[in-house]
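J.: Handing you a structure now.
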Amino acid sequence: SSPAPPPGGRPPAPLVPSLARPSRAESSGAMAVAVAASGSTIGGLSPISPVLCGAAEPIVLPVPAAAVKVLPRWAEEDGVTRWRLQYRVAAVGETEQPSEENMQPWTELELRDFTRELPLVGLQHGAVHFFKVAVETPNGWSDWSTPVACTPPSPQLPGKCAAVFAIVKDDTTALVRWTKPIDYAAAVNCGEIQRYKLTVAWPTGHRDIIINGDVDSYLVPDLECLTDYRFQVAAENVTGWGDHSDMSPVLNMPPPVPPRLQQPTLRRATHHTAVIQWQHPPASSTPVDSFSFRHTTAEDFPEGTAMTPDVTELHDIAPNLSQFLITKLKPGQRYIFQVRAINKYGMGIWSDNSIPIHTSAGKAPNKINDLSVPNLYRSFITLRWHPAEENGYEVTKHLLRYATKSDMSDAQEMVPTVARSGDFDSCDLKHLKKASYLFQVAAVNEAGMSEWSDPISVDLTGEKQLENA
């Protein structure tokens, strides 16, 4: 066998001039073996030395973009084990065949026989290139094939992008996504996408946004609420701009109502009151006008906007407050609360439920401790006291008992007519007999009666007494 050619070099020249290649080599790529006569004979026959002709011309196919596919040719019976490819760009003046005078270097690659297709990418598009191959058989390396000319195609305009999809990101921003052109994978070498043009259209106008780089999404700012927007995108490569995509579905920017607030917290619960606290929404160009609360003793609030007798709403809470005293609660009940903010565009969504809170359980009123007699006459007196602590239930009436004996063994009870004046409750007792009396007062509510107050002694046997001025 002939020695292998050095990398980048030319295979060794045949020992004698090659004979004309048979037609079999032209059709199937098989190599011809030429026979040359030597100067002596053995047994009347001339000895022969095998000489390998040039390999069959390869098939070179242009591939978009700036690429080709090289397919070497040989017959299976040739026993090819390796093959080499040399290629270069044509010099000025070279068109169909390379000039022997041009010393421009060739790029050389060596491959195994199982590689029957070789893609070459990143070539200079629009310029003629020459390609030639040589193959190795058990007899050695063949000569180089006749060079084949091929022009790698220039990249075309980017294809049309797939449909655009847009969603609302915040009050004034939309996130727009798209899919790269379908022919993008075939153009990654020289026709890669350099920029995108995003067109934002609304009923009264449009604007174009140039996006540098190969991306597939973009945040579009400065959109106005209650406006219908549609989006298109086009791609650009070294050749120019491709077609715009189809219009996206209409995206209506919603009014910037306040966002959903965090769940409120409750503290300092009494029989009828609790303090609610909440966090304000983030600062916005549209300020909050007020807050609303709602509470219920049910397990949860009704779905949607349905109202039930168990739900109580409080409106028009000042926007500068972050805590508020809730009143008129029922004693001994479990409550949950929600809060939301309101601005000029509307109401936000109700927050999550607060942690349940229990108001204090109701009981009978406290004992009246400061019973006094501000007015005392011969048969007429006035009893006065501070209202008793109600303990969750409204005081519905008072009871009065009086006796003339110190042990209250002859006590009699009555329901006095009680009037409230300022911070005091009082009742008038008329037509009393001239005697010494002991008086006691008790308050009554839904849960029961308080203890009797400490007795106060009144002596009507003496002269008239007046309250000190």
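J.: How many Å² of accessible area per residue for the range 317-469, probe 1.4 Å?
T.: Details: 8880 Å² over 153 residues.
Computed with neighbouring chains in place, this is 58 Å² per residue.
J.: Could you tell me whether the range 282-434 comes out rounded, prolate or oblate from its Cα gyration tensor? Rule is a ≥ b ≥ c as square roots of the eigenvalues, rounded for a/c under 1.5, then prolate if a/b exceeds b/c, otherwise oblate.
T.: On the way: a/c = 4.34, a/b = 2.79, b/c = 1.56.
Cα axes put the range 282-434 in the prolate bin.
J.: Still on this structure, I have one more. How about LYS160: which lysines have a C-alpha closer than 29 Å to its C-alpha, ignoring those fewer than 8 places off in the same chain?
T.: Qualifying lysines at Cα under 29 Å: LYS69, LYS169, LYS180, LYS197.
J.: For the range 384-396, what does the Karplus curve 6.51 cos²θ - 1.76 cosθ + 1.60, with θ = phi - 60°, yield as ³J(HN,Hα) per residue in whole Hz, taken in order and with x for Gly and Pro?
T.: 9, 7, 6, x, 6, 5, 6, 6, x, 10, 5, 5, 9
J.: Considering only protein heavy atoms and a 1.4 Å probe, what is the carbon-and-sulfur percentage of the accessible area of the range 261-322? Show your work: numbers first, answer last.
T.: Values: 1840 of 3670 Å².
Ligands and nucleic acids excluded, carbon and sulfur give 50 percent.
J.: Provide the per residue accessible area, probe 1.4 Å, for the range 107-255, rounded to a whole number of square angstrom. Spell out each step's value before the answer.
T.: Details: 7390 Å² over 149 residues.
That works out to 50 Å² per residue.
J.: Take peptides 212-221, 194-203 and line them up by average Cβ neighbours within 10 Å, highest first, as a rough protection proxy. Display every interim value, and only then the final one.
T.: On the way: 212-221: 12.7, 194-203: 16.7.
Going from most to least packed, we get 194-203, 212-221.
J.: In addition: What list of ³J(HN,Hα) couplings, whole Hz, do you get for the range 422-437 from phi and the Karplus terms 6.51, -1.76, 1.60, once you set θ to phi - 60° and write x for glycine and proline?
T.: Here the 3J(HN,Hα) series is x, 9, 10, 9, 8, 8, 9, 10, 10, 6, 7, 7, 6, 6, 9, 10 Hz.
J.: Moving to a separate point now. Shape verdict for the range 370-413, please, from the Cα gyration tensor: rounded (a/c under 1.5), prolate (a/b greater than b/c) or oblate. Don't jump to the answer; show the numbers that get you there.
T.: Numbers: a/c = 2.58, a/b = 1.45, b/c = 1.78.
Here the range 370-413 falls in the oblate category.
The values are calculated or read from the model by the stated rules, or taken from the named source; none is laboratory data. Remember, predicted model here, so these are calculated numbers, not experimental data. Quick reminder, even Gly has a Cβ in these numbers, built from the backbone with ideal geometry, and neighbours come from all protein chains shown. The protein model used for the area step is the full one, side chains on, heavy atoms only, and it has no ligands, DNA or RNA in it. Shrake-Rupley method; radii C 1.70, N 1.55, O 1.52, S 1.80 Å.
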